Amino acid sequence: FIFVANDQALASQTTGGLYDCFPLRPGHEAMHLPEKHQVRIFQLSSNAKTSFSEIRTNINAYASPYNTTEYMPVITALANTKQVEKVVKLLYHIQLHGNKQLRAIVLWDEADSIYPTLRTQKFRMHDGCEVSFLDLMQSEDSRIHKTGFITATEGELLDEFDECANAIHVRTELAAEDAPYYRAINHPECVLHPIIPVGREDNNILCKRVI
């Protein structure tokens, strides 16, 4: 599962880019189509065609001991309450699944801004239990194998929450030629130039104006 910032265009770009991270299925090396990759990628957003039941069915098929055709499901979700609820319900479904080897990895992109507000939101499950992402991560029966926090800022995420206390902090290594020009947004020498979007401006057009 990958949570992305609550931006539809960004979510679509992330979903499309994920296909390049996975190999093509045997016999389809020359056909770069989503359904030809060794993965099933779903997007949870307000205008996506993917349904909750479709993803749950795919998870069940992937976890079946008789599975010979279903590939690993990867789910991207916008970081808003509606989509987080679906992810929490899917994680709860995985936790109760009969296949004890079924596990999940959850990544939070832009974690400094989205994780603090969504980690403890509780949702009612099909059996009446009130459950949050944090509950599932800290449960003795947790099926969440790993949780990753991705951020470009030097925030205090690792120090602020107990569940992050044992996290491995991995910094991106800058190329030597780029290091002299790099400034984090909260660096005292950082110079900001705000770019104001014009109406419902497309992200690509906005980027061209920035460049």
Would you please name the GluC sites (Glu not before Pro) within region 108-201 that are DSSP coil residues with at most 13 other C-beta atoms within 10 Å of their C-beta?
140, 154, 156, 173, 177, 189, 201
How far is helix 52-63 tilted, in degrees, relative to the longest principal axis of the Cα atoms in the chain, given as a value from 0 to 90 rounded to the nearest 10?
70
For region 68-189, alpha-carbon Rg and Dmax in angstrom
17.2, 56
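Starting from 0.36 nm per residue, how many nanometres of slack lie between residue 21 and residue 158 once their C-alpha separation is accounted for? Before the final figure, lay out the partial values.
Working: separation 137, 0.36 × 137 = 49.32 nm, distance 2.74 nm.
So the extension gain works out to 46.6 nm.
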Determine the calculated [θ] at 222 nm for the chain from helices alone, applying -39500 (n - 2.57) to every DSSP H run no shorter than 4 residues and normalising by the residue count; nearest 500 deg cm²/dmol.
-9000 deg cm²/dmol
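In Å², what does the accessible area per residue of the chain work out to with a 1.4 Å probe? Numbers along the way, then the final one.
On the way: 13670 Å² over 211 residues.
For the chain, the solvent-accessible area averages 65 Å² per residue.
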Could you run the Karplus curve 6.51 cos²θ - 1.76 cosθ + 1.60 with θ = phi - 60° over region 118-129 and give me ³J(HN,Hα) per residue in whole Hz, x for Gly and Pro?
10, 4, 10, 5, 9, 9, 7, 7, 5, 9, x, 6
Note to self: C-alpha centroids of region 165-188 and region 49-99 sit apart, in Å, by 34
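State the percentage of accessible surface on the chain attributable to carbon and sulfur atoms; use a 1.4 Å probe and exclude ligands, DNA and RNA. Write out the running numbers ahead of the final one.
On the way: 7190 of 13670 Å².
Here it works out to 53 percent.
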On a 0 to 90° scale, report how tilted helix 81-96 is relative to the longest principal axis of the chain, with both axes built from alpha carbons and the result rounded to the nearest 10.
40
Check which residues have an amide H placed less than 5 Å from residue 149's amide H, if you skip close sequence neighbours.
108
What are the aspartates and glutamates whose alpha-carbon lies under 18 Å from the alpha-carbon of residue 89, with same-chain residues fewer than 8 places away excluded?
54, 127, 130, 135, 140, 141
With Cα atoms, 0 to 90° folded angle of helix 8-18 axis to the chain main axis
70
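Determine the gain in length on full extension of the stretch residue 175-residue 107; use 0.36 nm per residue of separation and subtract their C-alpha separation, reporting nm with one decimal. Each step should come with its number before you reach the end.
On the way: separation 68, 0.36 × 68 = 24.48 nm, distance 2.51 nm.
Computed gain between residue 175 and residue 107 is 22.0 nm.
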In the chain, what percentage of the DSSP-assigned beta bridges are antiparallel, given to the nearest 5?
15
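Just to be sure I follow the definition: excluding the sites themselves, where is the longest run in the chain that has none of the chymotrypsin sites (Phe, Trp or Tyr not before Pro) in a DSSP loop with at most 15 other Cβ atoms within 10 Å? Walk me through the numbers before you get to the answer.
On the way: sites that count: 66, 182.
Excluding the exposed sites themselves, the longest stretch runs over 67-181.
Is region 51-121 rounded, prolate or oblate when judged by the Cα gyration tensor, a ≥ b ≥ c being the square roots of its eigenvalues, rounded requiring a/c under 1.5 and prolate requiring a/b larger than b/c?
Note, shape of region 51-121 comes out prolate.
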Answer with one residue from 179, 113, 59: the one whose Cα lies farthest towards the positive end of the charge dipole of the chain, charges on Cβ with Lys, Arg +1 and Asp, Glu -1.
59
Taking the Cα centre of the chain as the origin and placing charges on Cβ (Lys, Arg +1; Asp, Glu -1), which of 144, 12, 133 is farthest toward the positive end of the dipole?
12
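The values are calculated or read from the model by the stated rules, or taken from the named source; none is laboratory data. What you are looking at is a predicted structure, and each value in this text was computed from that prediction instead of being measured. Every residue, glycine among them, receives a Cβ derived from its backbone with ideal geometry; neighbour counts consider all protein chains shown. Heavy atoms of the whole protein, side chains included, go into the accessibility calculation; ligands, DNA and RNA do not. Shrake-Rupley method; radii C 1.70, N 1.55, O 1.52, S 1.80 Å.
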